[in-house]
Amino acid sequence: MYYLWVNHILFGVVDMNLQKFLIPDGIEYYTGNEALLFQNLKTSVLKIFNKYKYEFVVTPVIDSINNLNNLNGDNLKNYTISLSNRKELGIRADITPQISRLDYQSYKKNKSNKFSYMGDIYRESESAFDRNNPFQVGAEYFGRISDDIDISLLKMCHEIINLSKTKRIIIELSDSFFINTYMNSLKLKNFEKKQLIDLISLKSTDEIYQYYKAKKISSRKLNELCELLKLDGSANIIKKIQNFSKKYNYKSQENIKSLKSITNKVKNLKNTEIIIDLCSLNSMDYETSFNYTFYVEKLRKPIAFGGRYESYLLKNGTMRHATGFSVDLKDVVTIYEK
């Protein structure tokens, strides 16, 4: 028996040596200096979390489907892959829903929670610019949301991205209230909303025009959307947002006030440009109001997303509100090396 076992091991080694070591598309390994850089960046991120007093938590890569998809967002359901032999378990595509579950389990009346996290996730993607195994780092605040909370999270996210030593950062601020208000006024079916949202994301006015013509939607609603699409530019555009809201009767006083307040507090961040785009639809689809996207030079996609969302219903029927951000730390490595 011993002789056969040794031969099995030897043959296994020979077979292994005959095979090429191929790394699957969309999957990354780190070795040598890259591995050390990655580890040092994780340590630096932990220091930033500690500086802002966000409790660090660790959640598993594999979890129940319910824990992984508990936020409102079809994107999460589309991304989450269930295990073949245990259908109730899945591989996480986003850590935020797990953090939401942690808050739910530790909820105490009128008490806020501040959690930070980092870990591997898995996402299928057809884009050549996306990796399948991001390393997600982020922070989430649960409780009564204020502009100061979002400003603090924006600055924390900014510090993490600055670890890449990038020379220019663009922060795109938005508020889902406006596009959600508009979409709800159309009274479309869910699949029709998705079709239109895809066209709005591309800002394809010709295709939008054809869509409205086919659906026999009024020219006034088309004009309203065209004006909404034009609300894109520097902080000076806030005045135009106020005029738009007044013209189309959007009850957006508080939203505009927050947008203005946050813009004024972050516009002086080092090497940073602030723009506003009310039709920015880049992130996961569970954000409900103020949200933001970070861009850097030398990366052909957003490097970070964040914003406010509705986490879950409390027993008294009220909503537990939250806000937070996430970054793929591997993008920080990529920018650092360039």
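Rule-based calculations on the coordinates, nothing more; no lab input. No experiment lies behind these values; they were computed from the predicted model shown. For neighbour counting, all protein chains shown are included, and Cβ atoms are generated from backbone atoms with ideal geometry for every residue, glycine included.
Conditions tested, residue by residue: (1) of a type in the set (Val, Ile, Thr); (2) touching a Gly at 6+ places or on another chain (Cβ under 7 Å); (3) farther than 24 Å from residue 71 by Cβ.
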residue	(1), (2), (3)
266	yes, no, yes
273	no, no, yes
280	no, no, no
294	no, no, no
311	no, no, no
320	no, no, no
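Of all the residues that make up the stretch 128-145, how many are touching a residue at least 12 places away in the same chain (Cβ under 8 Å), at negative phi and surrounded by fewer than 21 Cβ atoms within 10 Å (Cβ to Cβ)?
The qualifying residues number 8.
Quick one: in the stretch 74-127, which of the residues that are touching a helix residue (DSSP H, G or I) at 6+ places or on another chain (Cβ under 7 Å) and touching a residue at least 60 places away in the same chain (Cβ under 8 Å) is surrounded by the most Cβ atoms within 10 Å (Cβ to Cβ)?
Only one residue tops the list, namely 115.
Can you tell me which residue within the stretch 168-210, out of those that are of a type in the set (Asp, Glu) and not in a helix (DSSP H, G or I), is surrounded by the fewest Cβ atoms within 10 Å (Cβ to Cβ)?
Of everything passing the filter in the stretch 168-210, 172 is surrounded by the fewest Cβ atoms within 10 Å (Cβ to Cβ).
Given the conditions (1) surrounded by fewer than 22 Cβ atoms within 10 Å (Cβ to Cβ); (2) closer than 22 Å to residue 279 by Cα; (3) of a type in the set (Asp, Glu), report the number of the one that residue 159 does not fulfil.
Residue 159 satisfies every listed condition except (2).
Quick test for you: out of 323, 272, 293, pick the one residue that is in contact (Cβ under 8 Å) with a residue 12 or more places away in the chain, within 23 Å of residue 110 (Cβ to Cβ) and either charged (D, E, K, R) or out of contact with any Cys (no Cβ under 6 Å at 6 or more places or on another chain) (or both).
Answer to the selection: 323.
Kindly indicate whether residue 148 is closer than 18 Å to residue 323 by Cα and surrounded by fewer than 20 Cβ atoms within 10 Å (Cβ to Cβ).
yes
With the condition kept exactly as written, say whether any residue in the stretch 204-213 is within 30 Å of residue 158 (Cα to Cα) and of a type in the set (Gly, Ala, Ser).
The answer is no; no qualifying residue exists.
Give the number of residues within the stretch 158-189 that are over 22 Å from the mean Cα position of the chain (by Cα) and among the polar types (S, T, N, Q).
2
Could you run through the stretch 221-263 and say how many residues are within 26 Å of the chain's Cα centre (by Cα) and basic (Lys, Arg)?
Final tally of qualifying residues: 3.
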